[in-house]
1. Taking segment 493-535, which residues are in a helix (DSSP H, G or I) and surrounded by 24 or more Cβ atoms within 10 Å (Cβ to Cβ)?
2. Please find, among 306, 311, the residue that is within 16 Å of the ligand (Cβ to nearest atom), touching a helix residue (DSSP H, G or I) at 6+ places or on another chain (Cβ under 7 Å) and either farther than 11 Å from residue 30 by Cα or hydrophobic (A, V, I, L, M, F, W, C) (or both).
3. Being outside any loop (DSSP other than H, G, I, E, B) and farther than 19 Å from residue 114 by Cα is the requirement here; does residue 604 meet it?
4. Working only within segment 188-209, note down all residues that are touching a helix residue (DSSP H, G or I) at 6+ places or on another chain (Cβ under 8 Å) and not in a loop (DSSP other than H, G, I, E, B).
5. Quick test for you: out of 164, 192, pick the one residue that is buried (at least 24 other Cβ atoms within 10 Å of the Cβ), assigned by TED's automatic domain parsing to the domain that holds residue 7, acidic (Asp, Glu) and in contact (Cβ under 8 Å) with a residue 12 or more places away in the chain.
6. Got a sec? Which of 76, 89 is at pLDDT below 95 and more than 16 Å from the ligand (Cβ to nearest atom)?
7. Pairs only if they're at least six apart or on different chains, beta carbon under 9 angstrom, first in segment 268-279 and within 11 Å of residue 306 (Cα to Cα), second among the basic types (Lys, Arg) and near the ligand (Cβ under 9 Å from one of its atoms); list them, first residue then second.
8. From the list 192, 212, which residue is of a type outside the set (Val, Ile, Thr), within 14 Å of the ligand (Cβ to nearest atom) and more than 13 Å from residue 250 (Cβ to Cβ)?
Amino acid sequence: MKYKNPSLSVQERVNDLLPRMTLEEKIAQCIQIYIPPDHPGEIVDRIRAVGLGSRILGAVSLAGNVSQRTAGIEDLNEIQRIAMNEFHLGIPVIHGLDVIHGLRVIFPIPLGLAATFDPDAIQKTYNIAAEECFRLGIHWSFAPMLDIAHDPRWGRIVEGFGEDPYLGAKMAVAAIKGFQGELDENGYQSQDHILACAKHYIGYGGAEGGRDYNTAEITDHTLRNIYLPPFRAAVQAGVGSVMSAFEDLNGEPASGSRYLLTDLLKEELGFNGFVISDWASVAELIHHRVAANEREAAQIAFDAGVDMEMVTECYAHHLADLVMEGIISMERLDDAVRRILTQKFQLGLFDHPYADVQKSLEIRDLSAYHAAAREVTARSMVLLKNNGILPLPGDVRRIALIGPFVNQRRALLGTWVNDVLADEPQTLEEALRASCPDVEILTAPNGLMDEMIMIAAEADIVLLALGESNARNGEYNSIASLNLPAGQEELAQAVAGMGKPLAVLVFAGRPVTLTRILPHADALLYAWHPGSMGAAAAVDILLGKVNPAGKLPVTFPRGEGQIPVHYNHKSTGRDHPRYLDMPVEPLFPFGFGLSYTRFEITDLVVEPVEIPAGASVNVSVTVTNTGECKGEEVVQCYLQDCVSRRTRPERELKGFQRIALQPGESRRVEFTIGPDEMSYYGAGGSWVLEPGAFKVWVGNDCKASLEGSFLLK
Ligand code: NOJ
């Protein structure tokens, strides 16, 4: 059996195995099921008879807060043993789990990770997650989520990298490299890596009204230029799987669209991994009313390009008949199975099918992961206001630490965490006490608001920890009002009334409206839902051990009335569209974030100023730390195609670099703007590079005003 020989290439092994398989055995590879811990006999019999593509390790369809352990190593190994030894072909099962921002050590929510503007840190983060998964027998994570989102009401904004296609693409590549690592010359991944899944393809973030699962209407122009780039980058980075989305997009459910899955993803972009449906999204074609029954749902989804069905059994029940009747071709089935087997070989599953119980024990000491998490978490936090009260002065004697987030643990982790496996984080109070043992820390003994206000009166400085619950984010958790939960704005106002310096921390899974809190705060640190090391990282920033440098990966609106809101809006025929009762400018723009020091960006040079098609320009600036402490700045480069045949954004991020400078230090920072940055999807969806003038801006948020230009001949 050649396919069992690990010295052959992946392709040779797939070519050897595929012709040995019966129709039923091929179809079994296209199925992902949930297997309960007590494995009913019929599931085991089925694996013995025809094998199984995949097992999902989540017990509920609602993504977000997983409170039960779904399978331990012994259980995973037992099912694998049946697939390897009792099914005559010995094809391993691939185990998939939603590992969205860490497994045991929890990192910030992905939206927070995006705020680092630091792809290397993201790669390291997902590398750690992969290592943890691999050792526990999990081969595949349903991440990263690459949905662009313009609506913070949508609960799943938490899980993506924000509103910008360029930033989203960079983060996508970093996460995928972190999960999957590199392939060797025979096409194999190295051990300790797992399969990534780019989801939800595509347009899921465009849900009308920000209501999860809702219809999206996105023109092909916007789909390609705004929503597609992270997926395109993911495909180029070699992502092994893509998940088809739940929603109905432009009149076709995404999980039943041949245009999206086959024409665009597989043929045009050249994706050669496999497509998995979202949970039940094949059967849901019936709810969308494009399929009358399971058989039609199977036909539409499989024909569209969904290679593996998650949880529902339309494929299991109907694909065989559809192939035998010639409605689905054997060629299409072979293509799907080839894609799935390729990933299984690539992952090394045929050669190392079992989780190593011994190795899984070796990582009980998580200190190296904790250190990495503390660092990336501090990098994710965004300082939105500071009139000089932060960092806390060295001579502070009494701190009032108040607010609903002082003693939270679970909420700090955010949504999308496997509660049973995740670390228990420190509370903010514990972290602050541990870091400043000599300072008197006053807390409200019973957590009552009146106590908090009395304590505030006695302190030198007040730290007010506000936020929203993890349960208010994630799948099917959209909200209509972006305000912090009831009472928190009033608390901020009442505390501010005591006249003490007030630093506000906000722990949240989305942009919340800060319009009524901001005037009362002397400083405001946006901490997201920061994960296992969140409290420690926030304290590092409050004390000035870390100088904050995170930047907003999404625009922060003043109120819901500004939604949809994003910086890369287009030019209009008339003056910028306005409201009569609210400014159109958001509260905080994309890319915004302060530091404890100051950076000046000067001397923008574009070279050359005229280029032929296909050439690149070099954009450079001098960045100087003009403040008193060392710090990091995310230098951002924006581009405008001055005249184009299709309407284009007023400006678009096309480069960023996070650099560290000592006080007084200057550095030249360079960006290369090449044909890829200058091109866009134009008429008929073609990728075009149009001659003409371009403007560039470099600065420290999307409002950058230092300007240059060049001409593409
Ligand atoms: C539904 C979610 O939309 C998706 O993101 C997740 O990966 C699957 N459920 C599996 O849990």
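1. Those that are in a helix (DSSP H, G or I) and surrounded by 24 or more Cβ atoms within 10 Å (Cβ to Cβ): 495, 534, 535.
2. 306
3. It is true that residue 604 is outside any loop (DSSP other than H, G, I, E, B) and farther than 19 Å from residue 114 by Cα.
4. 189, 195, 198, 200, 201, 204, 205, 206
5. The conditions single out 164.
6. 76
7. Within 9 Å, the pairs are 276/199; 278/199.
8. Going through 192, 212 in turn, the sole match is 212.
The values are calculated or read from the model by the stated rules, or taken from the named source; none is laboratory data. Computed from a predicted model, the values in this text were never measured in an experiment. Glycine gets a Cβ as well: all are built from the backbone with ideal geometry, and neighbour counts include every protein chain shown.
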